[in-house]
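For reference, the structure is listed below as structure tokens.
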Amino acid sequence: MGRLLQSWLTPLYRWWWLGLLGLVLGGCWLLPISGQVMIIPNGQATSALWPQFMVTPANPKPGDLVTVTDEVAWPYTLLTIAGQTIHLDHWQKQPGLPAWTWIWTFTLPENSSGKASPDAIFYTDCHTGCRERGKLRLSGSSVHETDETAPFSGKSTKLCVAFADPARNWHGRSGWVVYLTYVRLADNQEDPYWNVDELAWRVHEATAKGLRVLVRVDYAKGQTLPPTNDALALNDYLAYLRRLARDERLRPVYGFIIGSGPNAQNSNTLSPDHPITPEWVARLFNGYAEPVDHTDNAVQTIRAENLNVRVLVGPVRPWINDQDGSRTYKLATPWLNYMNTLVSLLDESTRAKMKAGFPLAAPNGFALHAPGRPDAPELAGHAAAEEPRFALPRSTWHSAQAGFQIYHDWLDIINAYPTTHGLPVYISATNTTVPDGGLPPAQNYPQGWLTNALATINAEPQVQALCWFMDLVPGDDHWDAFSLTRQPGRMIYAAEEFDGLLQR
């Protein structure tokens, strides 16, 4: 009888204890406490939970301290608060303990927008791509997360701008931005705008506003890709791509653009006697003419670290004769021959790797240049602002397009090859200045041109974005005649149009 009673009561005791545990844990959510919980089955805790954060005081204000203690003496650490890199005061070993402490002082603007409390994030291994080690939510903090001026509506648009002004009002629209980074300026502190920490901050701010970010990766100023056949420069470029793809601050990046305008002489100033050929671009991008099992190329380097980010072929510059291509396009002009050769080689390399059992070597898409030519004689009396709506075949160019609809020529080449057919494209730069000469937009922009360009692109399902070049690079007035923010001359019309299109 006793054993029978014990067997009957045992399940009740078990359920009683489980109920009590649930009551205690459930009640904890109602208590005004903060901290960390460790669940350690089958034994006792043998070490602390690392890393350990401390904020002085508990509800920080600008000028207060954040300290992080960890059991590893990480040599390349970084702290961000609301995405912004904070200056490290110093670090030290804890006396008598196998632990080290880093101390930061932060001075960020006060929050007046009522945004959610920001995170303090501790990163390690930042020399090869920052890895998140620990995070603390700064409850009650007065620092801000974003300067967003309108609630994010989730309504997308193909409108895009290069070098977006941080203060730009996107009116809640999910648009696009293009940023640029250089291998040789990744850790530059003399001109910090170009270093990777500032890039990460811009990506954070843009994605907080619901924008999709494309990052163009160049080798150096005036040198879009490593010089042809320079193995060490190629190694440095690939190492930087790996760093960008690993960096957890850059995980929101939508796609990396591999260079820009390699067919142009002024994109190859470090090695002017050795042009950046289509063969070299294809070799760099996905390993053309190399053994199929080699992975020292851009697309396989990036995908080894991040399978989610897109890898885009950089744009070829139209209407210049600096280089030709060995595989002639049906509209035989140097820029289209160059593009046709490049796409053909990428397709050939992709198929060779696939046949050998190495997938994911194809590009995810292409970035394109599509400038407008509002003064084209082929317009034949139509209004200059209507230029994007018209095909402008030029007889002296074997009927190649002379204006904005050059994107049709680019698409025709892309869609001619099996592994690139139908891939999405992104017009990463457009305005009303053409590479073969012409006035800047501040002089020649016709009111209504951008509206017509967007309407044309909205009808093209393969084209994902239309990016005006450009908005603002702080402290640099070189591109003022193109700037939507500074608005010299006729740029005021382009700026008003861009803002108005976002509100439709």
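List of remarks:
- Filter result for ILE427 (among the hydrophobic types (A, V, I, L, M, F, W, C) and open to solvent by less than 10 Å² (accessible area, probe 1.4 Å)): yes
- Checklist (1) modelled with pLDDT of 90 or more; (2) in contact with a Ser or Thr (Cβ under 9 Å, 6 or more places away or on another chain); (3) of a type outside the set (Asp, Glu); (4) assigned to a loop (DSSP other than H, G, I, E, B) applied to PHE122, failing item: (4)
- Every residue from the stretch 434-482 that is in contact with a strand residue (DSSP E or B) (Cβ under 7 Å, 6 or more places away or on another chain), buried (at least 20 other Cβ atoms within 10 Å of the Cβ) and part of a loop (DSSP other than H, G, I, E, B): PHE469, MET470, ASP471
Yes/no matrix, rows are residues, columns are (1) surrounded by 15 or more Cβ atoms within 10 Å (Cβ to Cβ); (2) part of a loop (DSSP other than H, G, I, E, B); (3) within 19 Å of the chain's Cα centre (by Cα):
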{"position": "PRO262", "(1), (2), (3)": "yes, yes, no"}
{"position": "ASN266", "(1), (2), (3)": "no, no, no"}
{"position": "TRP280", "(1), (2), (3)": "yes, no, no"}
{"position": "LEU284", "(1), (2), (3)": "yes, no, no"}
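- Neighbours by Cβ (under 6 Å, 6+ apart or cross-chain): first from the stretch 254-280, closer than 25 Å to LEU211 by Cα; second of a type in the set (Phe, Trp, Tyr) and assigned to a helix (DSSP H, G or I): ILE258/PHE285
- Residues that are surrounded by fewer than 20 Cβ atoms within 10 Å (Cβ to Cβ), in a loop (DSSP other than H, G, I, E, B) and out of contact with any Lys or Arg (no Cβ under 8 Å at 6 or more places or on another chain) within the stretch 406-422 comprise ASN415, ALA416, TYR417, HIS421, GLY422, listed in sequence order.
- Close pairs from the stretch 432-443: first closer than 13 Å to LEU484 by Cβ and touching a residue at least 24 places away in the same chain (Cβ under 8 Å), partner part of a loop (DSSP other than H, G, I, E, B) and among the basic types (Lys, Arg), Cβ under 6 Å, at least 6 apart: ALA442/ARG490
- Here ARG168 clears all of (1) assigned to a strand (DSSP E or B); (2) open to solvent by 30 Å² or more (accessible area, probe 1.4 Å); (3) modelled with pLDDT of 95 or more except the condition numbered (1).
- Qualifying residue in the stretch 305-325 (condition: of a type in the set (Lys, Arg), touching a residue at least 24 places away in the same chain (Cβ under 8 Å) and part of a loop (DSSP other than H, G, I, E, B)): yes
The values are calculated or read from the model by the stated rules, or taken from the named source; none is laboratory data. Just so you know, these numbers come straight off a predicted model, no measurement behind them. All Cβ positions, glycine included, derive from the backbone under ideal geometry; neighbour counts span all protein chains shown. Just so you know, the surface numbers come from the protein's heavy atoms only, side chains and all, with ligands and any DNA or RNA stripped out. Shrake-Rupley method; radii C 1.70, N 1.55, O 1.52, S 1.80 Å.
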